[in-house]
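Colleague: Quick one: this structure, given as structure tokens, is what I'll be asking you about.
Please treat every number below as a calculation from the coordinates, not as lab data. Predicted, not measured: the structure shown is a model, and the values here were computed from it. Positions of Cβ are generated from backbone atoms using ideal geometry, with glycine treated the same way; all protein chains shown enter the neighbour counts.
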């Protein structure tokens, strides 16, 4: 977990990934979630949506 946090806070991620995605993250979103693996159910989809929301908030905060 510490490695992931370090990566997300690193210059490479914030400059390249967040910088490249910031126009898309600021625009209106068309989010579609497709679950093709049986047994994961709604809890998995909810988790993915929460992760997306956290990534978007981080990107917007980092861009300002």
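Colleague: Once R0 is set to 22 Å, what does the formula 1/(1 + (r/R0)^6) return for the Cβ-Cβ distance between residue 56 and residue 12, expressed as a FRET efficiency to the nearest 0.05?
Modeller: 0.70
Colleague: Between residue 1 and residue 26, what length comes free when the chain is fully extended (0.36 nm per residue of separation minus the Cα-Cα distance, one decimal in nm)?
Modeller: Here the answer is 6.3 nm.
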